[in-house]
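The values are calculated or read from the model by the stated rules, or taken from the named source; none is laboratory data. These numbers come from a predicted model, not from an experiment. We place every Cβ from the backbone using ideal geometry, glycine too, and count neighbours over all the protein chains shown. Side chains are part of the model used for accessible areas, which takes the heavy atoms of the whole protein and leaves out ligands, DNA and RNA. Shrake-Rupley method; radii C 1.70, N 1.55, O 1.52, S 1.80 Å.
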Amino acid sequence: MARDHVAVALLRNIWVATAVLLGAQGIVGQKVRVEEELEAYPTESVDLRCQFIDGGGRTKLTQVSWIWEPTDGQRDNIAVFHPMYGQSFPNLSFKDRVVFLHNSLENPSIRISNLKMSDAGRYTCEYATYPSGNEQGTTTLIMLAKPKNSANIVTVQAGSKSVVVAQCEAADGKPAATIKWLASVGGNHSTTTTNGPDGTVTVRSEYRLVPTPADNGREVTCLVDQRTQERPWVFPVKLSVEYPPSVSIEGYDNNWYVGRSDAMLLCLANANPAPISVIWTAVSGSLPETVMVEDNKLMVKKVDDAVNTTFICEVKNKQGTSRNQITTFVIEEKREFTPGPNTGAVIGGILGSLIFIAIIVGIIFLIRNCQDNREGPPKHKPPPPVRTGRSTEMLNKPSEPPMATEVAPLSPREVHCNPTGSEPVTNLDDETSGALNGGAAPVLDAADGLRENDLDSSSHDPLHANISREESFVSPAISAGPQCCL
């Protein structure tokens, strides 16, 4: 009894392990092992694998068949293998394209070559067994197709309505492609999808805008993205917008003087498509005899009064005709035009002048600064003058009322330099002595305080006689200054 329980448990474990293995393959409860899904491309080959799993070895395999289901409800045998009767390929659409990889019931895998888009569908590997009956497993074959991408422009006329100006197509692709547009012009796009008989899909997209002459030559780009492409397909196109000519005339310089031989007018036209004719005429009628026309050029052999008129240029293309005119005036003498200065040269000259002025101002400032430093007053107050001898005694006497003495003013010319380089001989007025004394009171004012009896000529010598050459009224700081003559 115990042995029966052990055997049952063992079988149960084997069954669970087998169920887990088959469940991992997506075929839980089945004994036929296949791949759930495969992808392939047209003209390629694909292997459809099939294997029968019999854990106990009690199932007898009678026959194996491959059944193709392109759509729901449609089943066609494409390959049959019998151990006694051999191989059979009943479906003519797979004739010579299907083979068994192994002559074995346990591994009846097949290979399909030269695939077509119509080969997509479900492929079922079905066993006829005894005693369990039929066992099967199904593989879904997905056919992929790279789309055939293209883009083109649509030539349009300039107008006020929105029209298709560019087209982009991803044809016969599977799965369906996605189309996008990149553009610098204002517009929009629309997309349509068409299913093919073989399962492919064609996607078309149209780009629309209100075309203007300015849009001619502008670029829009088509981008196609699809599963089979490694990267998006990119294709730029340039818009083609047709419009009538826009005419302008150039070459007239207001200097057509009598006798000039190089006068010329150019007729320029902006048009799409290109102009088919350019015609020159004059308001006065036919062109003057001195005028010659070559394509869009009107050349004057010799300027005279006959070209004192209005010239008309008419340009035509398939979208229309446009014209423009210009009036020329003949003058007696040539006008001399003085060319204006070059802007860069003017700016450079101004900058150079400013730099030169700045240098001159700087030099003048330095010179004035140096002169001020040499000729200015001393930076310190000099000590008062020291007197010796009789002049000192005179100052020490008792004070008496000063005598009214008239002192004649001294001329500045009396100050002169000693050519030997010694101290100057000085006769100073009040202002000069004050300046030379460092801003102090003039030294001559000290004599004004002397008493009258001190100036008696009978008992004393004149004041200036008591001052020796060495006893100068000028302080040592001033005496040490430059020995200059003024």
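Among the residues of segment 271-285, which ones are within 23 Å of Tyr243 (Cβ to Cβ) and either open to solvent by 40 Å² or more (accessible area, probe 1.4 Å) or in a strand (DSSP E or B) (or both)?
Ala271, Asn272, Ala274, Pro275, Ile276, Ser277, Val278, Ile279, Trp280
Could you list, in sequence order, all residues of segment 34-90 that are among the β-branched types (Val, Ile, Thr) and touching a Lys or Arg at 6+ places or on another chain (Cβ under 6 Å)?
Listed by number, the residues that qualify are Ile53, Ile67.
Looking only at segment 50-75, how many residues end up being free of Cβ contacts under 8 Å to residues at least 60 places away in the same chain and either touching a helix residue (DSSP H, G or I) at 6+ places or on another chain (Cβ under 8 Å) or more than 17 Å from Asn91 (Cβ to Cβ) (or both)?
Looking only at that region, the number is 10.
Anything in segment 54-77 that is within 14 Å of Pro108 (Cα to Cα) and either open to solvent by less than 40 Å² (accessible area, probe 1.4 Å) or of a type in the set (D, E, K, R) (or both)? List them, or say none.
Leu61, Val64, Ser65, Trp66, Ile67
Does segment 159-178 contain any residue that is modelled with pLDDT under 95, in a loop (DSSP other than H, G, I, E, B), within 33 Å of the chain's Cα centre (by Cα) and not small (Gly, Ala, Ser)?
no
How many residues are modelled with pLDDT of 80 or more and of a type in the set (Lys, Arg) when one looks only at segment 324-353?
Counting residues in segment 324-353 that are modelled with pLDDT of 80 or more and of a type in the set (Lys, Arg) gives 1.
Give segment 146-158 a look and list any residue that's surrounded by 18 or more Cβ atoms within 10 Å (Cβ to Cβ) and part of a strand (DSSP E or B), or say none.
Residues satisfying the conditions are Asn149, Ala151, Val156.
State which residue is farthest from Met264 (Cα to Cα) when the search covers only segment 286-321 and only residues that are open to solvent by less than 40 Å² (accessible area, probe 1.4 Å) and of a type outside the set (A, V, I, L, M, F, W, C).
The selected residue is Gly320.
Within segment 170-197, which residues are within 13 Å of Val237 (Cα to Cα), surrounded by 13 or more Cβ atoms within 10 Å (Cβ to Cβ) and not aromatic (Phe, Trp, Tyr)?
Answer for segment 170-197, where residues must be within 13 Å of Val237 (Cα to Cα), surrounded by 13 or more Cβ atoms within 10 Å (Cβ to Cβ) and not aromatic (Phe, Trp, Tyr): Ala183, Val185.
Return the pair list, or none, for Cβ contacts closer than 7 Å from residues in segment 247-259 that are in a loop (DSSP other than H, G, I, E, B) to residues that are of a type in the set (Asp, Glu), at least 6 apart or on different chains.
Val258/Asp304; Val258/Glu332
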